[in-house]
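A short worksheet on the structure shown next.
The values are calculated or read from the model by the stated rules, or taken from the named source; none is laboratory data. Since we're looking at a predicted model, the values are computed, not measured. We place every Cβ from the backbone using ideal geometry, glycine too, and count neighbours over all the protein chains shown. Only protein heavy atoms, including side chains, enter the accessible area calculation; ligands, DNA and RNA are left aside. Shrake-Rupley method; radii C 1.70, N 1.55, O 1.52, S 1.80 Å.
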Amino acid sequence: MKLPVYLDNNATTPCDPRVVAEMLPYFTEMYGNAASRSHPFGWTAEAAVDNAREQVARLIGAEPTEIIFTSGATESVNLAIKGVFEMYAGKGNHIITAATEHKAVLDTCRHLERNGARVTCLPVDNTGRPDLQALEAAITPQTILLAFMYANNETGVINPVAEIGAIAKKHGVIFLSDATQAAGKIPVNVQTDGIDLLAVSAHKMYGPKGAGALYIRRKSPRVKLIAQIHGGGHERGNRSGTLNVPGIVGLGKACEVAMQEMDSEAPRLEALRNRLQEGLLLLDQAYVNGNTKYRLPHVLNISFRYIEGQTLLTGFSKTIAISSGSACTAASLEPSYVLKAMNTPDDLAYASLRFGLGRFTTDEQIDYTIRTVTDTVNTLRAESPLWEMYKDGTYPENVLKPHI
Ligand SMILES: *Cc1c(COP(=O)(O)O)cnc(C)c1O
């Protein structure tokens, strides 16, 4: 077995070789600009983009004309939120989102607050899900957008998306879902889920970095956006700029492969993840973070009390590639804001590890991971005065808050 073992698939995934094979000719022989209408180079590129548009649409139950290509989920989310805010300014300025959203959503909302938006950031329960009654109560005649992710990148917790979609429809509010972690892993359907805008990213589903898409509903209701990147009027005027044809071809192929393999891959990963979870829960004072019923099949977020997460991470950083919290905030020493929003006690929030299994994860790698993490936890605890106090029964009671 080759080391290190890669279990950080929520941060990014390797490109599937089938995706790379599909992309390669579009760098060399078929290098046309998809907007060149006057010669075969352009026609070939345009046909490839049209094909990818169908592949993306099929994965999420949309029509090809409802898909526009972007540089990734961050851009898709920015276009969706800023585009709605500007387009529907006549109706209102109120956006509702949740505390556990990705920074692409939260920072965009914060930016708009400085430009006149009113943003309600709903709390979540201690399993990481929002309260739907609180959501409905927060809607006002000025509410123009609900932004709730499909599944969380740190905990894998899946939101009650169809219920949120129904609430959005009932109140005539647009519903954006960041499905970056869910698309291609579990069934996502913009029709049955009642989603109006949906963001996906190729590099989270075995496609290339720098390619993504935004679904924009075209009927009941027809959603319109104000473009955020102006120029040649590409992508129906929603996003100008020469199309990244190889990247788009890769995104399309990634969607096709994910769709074909989801039914076998999701249960395989779930079994592996459960084995990892059961193995690590054999350790004393280990807690799973987030809802374990509504959770992506390949994600495990777990905390070990009486050890510091960063110390634990450095304990096996050369053998197992994982992160504490999300990749985006991993550089900071603050505990994860997602776990904090779930009311996770500080000591557990600091000691959390996120395992993201993936298409290339093997049984052997999981067994190795269980052994290595167990040994590291035991070694660090043996040296920890906190652990000694806990074992002696002299650890301060007030720190031992019950945790679900
Ligand atoms: C990775 C991620 C993003 C950002 O996607 P990029 O394509 O890297 O910009 C947004 N939202 C979620 C939930 C993510 O996991």
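Here are the numbers for this structure:
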{"read-out": "Selection within segment 281-318 - in a loop (DSSP other than H, G, I, E, B), more than 23 Å from residue 341 (Cβ to Cβ) and open to solvent by 50 Å² or more (accessible area, probe 1.4 Å)", "value": "282, 284, 317, 318"}
{"read-out": "Exclusive hit being more than 23 Å from the chain's Cα centre (by Cα) and either within 16 Å of the ligand (Cβ to nearest atom) or within 26 Å of residue 153 (Cα to Cα) (or both), set 3, 59", "value": "3"}
{"read-out": "Matching residues in segment 93-104 - criterion: being open to solvent by 30 Å² or more (accessible area, probe 1.4 Å) and either among the aliphatic types (A, V, I, L, M) or within 16 Å of the ligand (Cβ to nearest atom) (or both)", "value": "102, 103"}
{"read-out": "Exclusive hit being in a loop (DSSP other than H, G, I, E, B) and of a type outside the set (S, T, N, Q), set 246, 335", "value": "335"}
{"read-out": "Residue within segment 239-250 that is in contact with a Ser or Thr (Cβ under 9 Å, 6 or more places away or on another chain), of a type in the set (Lys, Arg) and within 16 Å of the ligand (Cβ to nearest atom) present", "value": "yes"}
{"read-out": "The listed residue being at pLDDT 95 or above, surrounded by fewer than 17 Cβ atoms within 10 Å (Cβ to Cβ) and more than 16 Å from the ligand (Cβ to nearest atom), out of 256, 278, 265", "value": "278"}
{"read-out": "Among residues of segment 149-182, those that are on the phi < 0 side of the Ramachandran plot, part of a loop (DSSP other than H, G, I, E, B) and of a type outside the set (Ser, Thr, Tyr), counted", "value": "10"}
{"read-out": "Test: residue 91 is closer than 23 Å to residue 181 by Cα, of a type outside the set (Val, Ile, Thr) and either touching a His at 6+ places or on another chain (Cβ under 8 Å) or assigned by TED's automatic domain parsing to the domain that holds residue 214 (or both)", "value": "no"}
{"read-out": "Residue in segment 216-230 that is out of contact with any strand residue (DSSP E or B) (no Cβ under 8 Å at 6 or more places or on another chain), under 24 Å from residue 184 (Cβ atoms) and of a type outside the set (Ser, Thr, Tyr) present", "value": "yes"}
{"read-out": "Residues that are more than 17 Å from residue 32 (Cβ to Cβ) and within 24 Å of the chain's Cα centre (by Cα), drawn from segment 236-258", "value": "238, 239, 251, 253, 254, 255, 256, 257, 258"}
{"read-out": "Complete set of residues in segment 215-232 that are open to solvent by 40 Å² or more (accessible area, probe 1.4 Å) and more than 11 Å from residue 70 (Cβ to Cβ)", "value": "218, 219, 220, 221, 222, 224, 226, 230, 231, 232"}
{"read-out": "Neighbours by Cβ (under 7 Å, 6+ apart or cross-chain): first from segment 215-226, of a type outside the set (A, V, I, L, M, F, W, C); second in a loop (DSSP other than H, G, I, E, B) and open to solvent by 20 Å² or more (accessible area, probe 1.4 Å)", "value": "218/63"}
{"read-out": "Matching entry among 65, 70 (being farther than 30 Å from residue 133 by Cα, surrounded by 20 or more Cβ atoms within 10 Å (Cβ to Cβ) and in contact (Cβ under 8 Å) with a residue 60 or more places away in the chain)", "value": "70"}
{"read-out": "Residue within segment 340-354 that is assigned by TED's automatic domain parsing to the domain that holds residue 323, without any contact (Cβ under 8 Å) to a residue 40 or more places away in the chain and open to solvent by 20 Å² or more (accessible area, probe 1.4 Å) present", "value": "yes"}
{"read-out": "Residue count for segment 198-225, restricted to those that are closer than 24 Å to residue 253 by Cα, touching a Lys or Arg at 6+ places or on another chain (Cβ under 7 Å) and away from the ligand (no atom under 12 Å from the Cβ)", "value": "1"}
{"read-out": "Segment 48-62, residues that are open to solvent by less than 10 Å² (accessible area, probe 1.4 Å) and touching a Ser or Thr at 6+ places or on another chain (Cβ under 9 Å)", "value": "57"}
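Yes/no matrix, rows are residues, columns are (1) basic (Lys, Arg); (2) surrounded by fewer than 20 Cβ atoms within 10 Å (Cβ to Cβ):
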residue	(1), (2)
84	no, no
91	yes, yes
106	no, yes
130	no, no
134	no, yes
145	no, no
173	no, no
177	no, no
